[in-house]
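Visitor: Just passing along the structure, written as structure tokens.
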Amino acid sequence: MLFFKDSEIDYYIEEDLPYYDITTHSLDIDSKKAKITFSTREKSVIACSEEVKRVLEKLGNYDIQIVSSGTKLQKDEVFITAYGTAKTTHQAWKISQNILEYACGVATYTHNMLKKAKKHNEDIEILTTRKTQPGLKKIAIKSVLAGGGSIHRLGCSETFLLFDNHKNFFEKEELIKKIKDLDKKFIEKKILVESDSMEEILEFCKIGIRLFQIEKMEPKKLKDTVLKLKSLYNNIQLLATGGINIDNIEEYASTGVDGIVTTAPYFSKPANIQVRIMPT
């Protein structure tokens, strides 16, 4: 699904284990054989179990069994089991748990958000932004995909998205002409315009733009806007964005938009993962 370099896995390890595990070493149990398991404390969608497997392997654990990312589990299900020593299992413990609790939390939130949205619009998509927490982008993206979501933008090099902060540098007529020219130039890309104004959207529609994200519009007004725009342009695609989360997703999904742009999954509640390390 996503490629993680060895150096990235090494970074996760070194962040928690810069030298050695002073507690396990001082207890003189380093070499004792051990088993580590990870299980759900609540219904969860699994994400980044493959990366945790690599952490476990790098630290010397073996016979590792995992459940793949995207798997939906009930409460109290074991999804990773590995064998090693007290040293290797304790070293992997918190590194792995931290990755899993964040990743599974994002995946589960995305899944639940999408499930709520599709009750009102079967064809709607949940699209997450590029506003991930620093250092967690790959984990966040993989987790959204595991939860059934899609990615709005991986970065500013990927798509053309016109914001108000861009518009501020142009007079209105100059901007319209510029976007019309760019729409012809970018034959492999769509021009996406963000706007909170029906009048502005209609101006861009006149020059052939058909993809818009509507920013911070209340659901009732948004529903009326979507209905009018789609009656005028049957090939228009509309996204809703701005403060949309699992608590209000159903209202926005009911407006008739084609997609929901959100950052909410990245900052959701971590999953509750139980870790047990036992002698064997």
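Visitor: So for the stretch 115-267, averaging the separation of alpha carbon pairs under 8 Å that are six or more residues apart and normalising by length, what relative contact order in percent results? Show your work: numbers first, answer last.
Guide: Details: 214 pairs, mean separation 46.9, N = 153.
For the stretch 115-267, the relative contact order is 31 percent.
Visitor: To continue, here is another question. For the pair K228 and L17, how long in nm is the line joining their label points, each one 7 Å along Cα→Cβ?
Guide: Result: 6.1 nm between the two label points.
Visitor: Taking the simple approach of a point 7 Å from Cα along Cα-to-Cβ for both H25 and N235, what is their distance in nm?
Guide: Spacing of the two 7 Å Cα→Cβ label points: 6.6 nm.
Visitor: For the stretch 61-138, just the Cα set please: Rg and Dmax, both in angstrom.
Guide: Gyration radius and largest Cα-Cα distance of the stretch 61-138: 16.3, 51 Å.
Visitor: Taking the Cβ-Cβ separation of E174 and R153 as r and a Förster radius of 45 Å, what is the calculated FRET efficiency to the nearest 0.05? Intermediate results must be reported in sequence, preceding the final value.
Guide: Numbers: r = 26 Å, r/R0 = 0.57.
The computed FRET efficiency comes out at 0.95.
Visitor: Between Y62 and K116, what is the FRET efficiency for a Förster distance of 45 Å, r being their Cβ-Cβ separation, to the nearest 0.05? Present the calculation step by step, with values, prior to reporting the outcome.
Guide: Numbers: r = 41 Å, r/R0 = 0.92.
E between Y62 and K116, to the nearest 0.05, is 0.65.
Visitor: Let me ask something additional. If I fit a long axis through the Cα atoms of helix 86-118 and take the longest principal axis of the Cα atoms of the chain, what angle between them do I get, 0 to 90°, rounded to 10?
Guide: For helix 86-118, the angle is close to 30 degrees.
Visitor: How much mean residue ellipticity at 222 nm does the chain get from its helices, if each DSSP H run of length 4 or more adds -39500 (n - 2.57) and you divide by all residues, to the nearest 500 deg cm²/dmol?
Guide: Details: 10 runs with 115 residues, N = 280.
For the chain, the value works out to -12500 deg cm²/dmol.
Visitor: Report, in whole Å, the centroid distance computed from the Cα atoms of the stretch 242-280 and the stretch 182-224.
Guide: That distance is 26 Å.
Visitor: Can you tell me the relative contact order of the chain? Whole percent, Cα pairs under 8 Å, sequence separation 6 or more. Could the numbers behind the result be given before it?
Guide: Values: 520 pairs, mean separation 67.3, N = 280.
Averaging sequence separation for qualifying contacts and normalising by length gives 24 percent for the chain.
Visitor: Between T280 and M1, what is the label-point separation in nm under the 7 Å Cα-to-beta-carbon projection?
Guide: The modelled label-to-label distance comes out at 2.6 nm.
Visitor: Moving on. If R0 is 30 Å, what FRET efficiency do you get for E77 and E250 from their C-beta distance, rounded to 0.05?
Guide: Numbers: r = 28 Å, r/R0 = 0.95.
Working from the Cβ atoms, E equals 0.60.
Visitor: Report the residue, chosen from S231, S268, S49, that carries the largest GNM mean-square fluctuation when the chain is represented by alpha-carbon nodes joined by springs under 10 Å.
Guide: Comparing S231, S268, S49 in the GNM, the peak value goes to S231.
Visitor: Once Lys and Arg get +1 and Asp and Glu get -1 on their Cβ, which of L227, I36, N98 lies farthest toward the positive end of the dipole of the chain?
Guide: Checked the options; the winner is L227.
Throughout, read-outs are computed from the coordinates displayed, never taken from laboratory work. Note that the structure is predicted; figures quoted are calculated from it, not measured. Using ideal geometry, Cβ is built from the backbone for each residue, glycine included, and neighbour counts are taken over all protein chains shown.
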